[in-house]
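Since the structure comes first, as structure tokens, the remarks are kept for the end.
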Amino acid sequence: MLNVVAIMGRLVADPELRTTQNGTNVCSFRIACDRNFARQGEQRQADFIDIVAWRQQAEFVSKYFQKGSLIAIEGSLQTRQYQDKNGNNRTAVEVVANNVNFAGSKSNGSNQGGGSYQASLSINIDTHDADGSVKVQDGDVNAIAAICNFKNEIVSGKVSSDVQVGGTYDNPELTITGQLADGKISGYDVHDVDANLHLLDHVVYIDKLAGQQGTDGSFTADGYVTIGGPIQAHFSAQKLALGMFTKSAGLAREVHGTADIEATFGGTTDNPSADVTIAANNGGFQGSTFDAMNGEFHLKNGLVDVKDFSVAKAINGKDYTASAKGIVPIKALFANRNEDLNDYERIKLDVSLDQADLSILPFVSDQIDWALGPTKGTLEFTGTLAHPLVTGSISLSDGAVKFKPLTVPVTEMTAQIDFNGDTMTVRDFSGKMGEGTYTGQGTLKMNGLTPSEYDFSLTADKLDVQSSFFKGPLSGQLRVNKDKFYGMELPKISGQVDLANCTISVPAIPDSDGELPDIILDADVNVGDKVHAYSSYLYDMYLTGNVHFGGTTRHPKTSGSVSVKRGGTINYLKTEFNVREGTAYFNQVDSFLPSITFLADTRLTQAKVYLSITGPLDNMTFTLRSTPEMSQSEIIQLLTLRDAYKAGQANLDAGDLLIVGLQMSFLSEVEDVMRNMLWLDRFTIARGSGSAFDTHDEESSKDIDVYHVEMGKYITDKVMLKYTQQIGGDDTHRFGVQYDMNDRFGLSMEKESQKFIVGLEARVHF
């Protein structure tokens, strides 16, 4: 008797899995099957057929199918009797599934990441036989990786492929052909990639793998890899971007240049072997460059034999080379710091620097623009990657390094560094920055990759430091070592820094939630002669004093003060105030910021204005007073509007405030540029004629488009030459001299037209 049913349709609801009383799994579901014909003018009808799957088939359907899934079923037809809920006898007709398979067609393919995906796959649950195909057209690599639950951060692009599936579940047979027309590997262009792979009897055959990289690069691969068995494969590349390999390996350093690579692989998957040669030209790491890099490496029995590795560079017609040879066991790269390995399992690498150059430094630190200088020495590396041991010495003569934050490079560098196992000793460390010099020495002992003991000292004598916030000579003595603070071992910075004949521009107070590393402090900053504090639009003054920094960086204890010498100015509301007294007291608890007390004043035509600044640097209080007495609102209007101000007018509309703000910003930019370009101590632009004899009557107040420029230059610490020129009016000008007798009294004499103005200034404190 023959009872065979083959049917394909879509599930009308999610399958239901249940277990019988004797523990057998059964899954019942209904599928919809379209009839092959339809009457004219009518839609094609569908038949709804009940399916029952038992045991393994039941589990398979419940796990991999849901409402709407297309399913192919091979089974037999059966009937059974039952009673409905009303007690009536009924007959059920259903298909008992023997084989359940996935089914798919072009019409039901899905779209992921803009591509087309089609699958037709069947698996016999009893025999484990598999048959089907998967087709992808312009599929997104990342979408495919997500479908396969594979994390991909390296390859991107659109791929097309055809996968034929055969064999069994335990021994699958796959034939894969695919193309990557235009993609990227770690951001580097890869295109015209063709692949033809075959899996048979647990062997992956690479029939073809070839592609192009960038404009001139290319690569090919062929061979086979046996899963759990032998390997025989070859990889060849020409002019591949080196950065593609370093970025793929997770290295953040910028690498440029191209390389030719030849690699032959053998051994087994459990114990692979490889012979690799690499030749790179005109490459570099960060700011370090090389003319040629060559290497020959052999992997066998878990050991990397570095036959030859060298980096060469020509500088001023002279060739420099650094090279390395030795054995690097794979186990030594992954061993923990305290793991005890035998001699066979430890690194033995010899590095020769007899013909080397310091240009490698930019690769070590991203704060270095460039470096150069002949370096000599030999080093022997042993131990493990987690606990390296180094013996040998390195010497440097006539080196130079340019740090990114500094304008002037370090030159005439000399150094002698000795290595003895886990200890490094720095001797004869010296050099110049501009006309200034430095010397240093110290020792460092490592426990694995962690410093356990260190003691370094540096003496600087008038180093020519040129940066965005400090310009001038820098001198001092500093020491960095390990010490205890309330029982905790911490790094310690001690010594002193001497400032003189320099300009400091204190940056804005940082607003950061980041926490400083905990470091013990015991250092003095001595502010000596001609220390100029300058910040555009904010202050221009000379300082003197001494500050001691103690405690730790997280809990500092500061003491001392820095005062302003005569002649200092503060810009507030676009008005230059002369500082009469100014002191920064370093006495706040757990803070590096000082508490400020500044008293300053300025003379305008209408009034004398006094400015008081008090409180911590990050929360200062500004107070304005005037003679004759005016309200705070009137004083602010007077300072901002100058000649446009009229006494008794306390209200400003939005247009007035906008115009004032724009003018203040523009004029500040101009003043700053001119003051620096002309090397002046004072350069201001203000509304009004600037005439000392201006009465500012009603009529003259209407002309608010008249400005005056005031310039001044100290020829001594007490004497300033001054000049004032009107712009946009009747060409009024004035010149003279200002003499600061002390912080409380000043004398000035100026000439305007045929008239002389003599003034005695008493500086009132409040």
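The values are calculated or read from the model by the stated rules, or taken from the named source; none is laboratory data. Since this is a predicted model, take the numbers as computed values, not measurements. Heads up, the Cβs are rebuilt from the backbone with ideal geometry, glycines too, and the neighbour counts pull from every protein chain shown.
Here are the numbers for this structure:
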quantity	calculated
Meets criteria (under 22 Å from Lys135 (Cβ atoms) and more than 33 Å from the chain's Cα centre (by Cα)) for Asn171	no
Hits in segment 62-80 (condition: surrounded by 10 or more Cβ atoms within 10 Å (Cβ to Cβ) and more than 57 Å from the chain's Cα centre (by Cα))	Glu74, Gly75, Ser76, Leu77, Gln78, Arg80
Pairs, first more than 19 Å from Asp354 (Cα to Cα) and modelled with pLDDT of 90 or more in segment 291-315, second assigned to a loop (DSSP other than H, G, I, E, B) and of a type in the set (Lys, Arg), C-beta under 9 Å, six or more apart	none
Residue within segment 371-381 that is closer than 27 Å to Arg427 by Cβ, in contact (Cβ under 8 Å) with a residue 60 or more places away in the chain and in a strand (DSSP E or B) present	yes
Selection count, segment 81-105, where residues are exposed (fewer than 11 other Cβ atoms within 10 Å of the Cβ) and not hydroxyl-bearing (Ser, Thr, Tyr)	10
Verdict on Lys151 being at pLDDT below 75, closer than 30 Å to Gln213 by Cα and of a type in the set (D, E, K, R)	yes
Meets criteria (of a type outside the set (A, V, I, L, M), farther than 20 Å from Leu379 by Cβ and out of contact with any Asp or Glu (no Cβ under 9 Å at 6 or more places or on another chain)) for Ser467	yes
Any hit, segment 284-302, residues being under 30 Å from Leu200 (Cβ atoms), surrounded by fewer than 19 Cβ atoms within 10 Å (Cβ to Cβ) and hydrophobic (A, V, I, L, M, F, W, C)	no
Residues (modelled with pLDDT of 80 or more and either outside the structural domain of Thr684 (by TED's automatic domain parsing) or of a type in the set (Lys, Arg) (or both)) located in segment 628-642	none
Residue in segment 546-566 that is in contact with an Asp or Glu (Cβ under 8 Å, 6 or more places away or on another chain), at pLDDT 90 or above and among the aromatic types (Phe, Trp, Tyr) present	yes
Residue in segment 575-586 that is on the phi > 0 side of the Ramachandran plot, outside the structural domain of Arg682 (by TED's automatic domain parsing) and touching a residue at least 40 places away in the same chain (Cβ under 8 Å) present	no
Candidate set from segment 424-453 (those that are crowded, with 16+ Cβ neighbours inside 10 Å, without any contact (Cβ under 8 Å) to a residue 40 or more places away in the chain and out of contact with any Asp or Glu (no Cβ under 6 Å at 6 or more places or on another chain)); member that is farthest from His387 (Cα to Cα)	Tyr438
Flag if Arg625 is in a helix (DSSP H, G or I) and either within 30 Å of Ser561 (Cβ to Cβ) or modelled with pLDDT of 70 or more (or both)	no
Single residue of segment 184-226 satisfying the filter (charged (D, E, K, R) and part of a loop (DSSP other than H, G, I, E, B)) that is nearest to Asp138 (Cα to Cα)	Asp216
Strands (runs of 3 or more DSSP E) enclosed by segment 44-107 - at least 3 residues per element that are at pLDDT below 85 and touching a strand residue (DSSP E or B) at 6+ places or on another chain (Cβ under 7 Å)	70-83, 89-102
Top-ranked residue of segment 726-743 - restricted to ones that are at pLDDT below 70 and in contact with a strand residue (DSSP E or B) (Cβ under 7 Å, 6 or more places away or on another chain), ranked as surrounded by the most Cβ atoms within 10 Å (Cβ to Cβ)	Asp743
Residues of segment 154-183 classified as acidic (Asp, Glu), at pLDDT 85 or above and either within 16 Å of Leu197 (Cβ to Cβ) or assigned to a loop (DSSP other than H, G, I, E, B) (or both), total	2
Set Pro374, Pro388: member being farther than 30 Å from Ala335 by Cα and not small (Gly, Ala, Ser)	Pro374
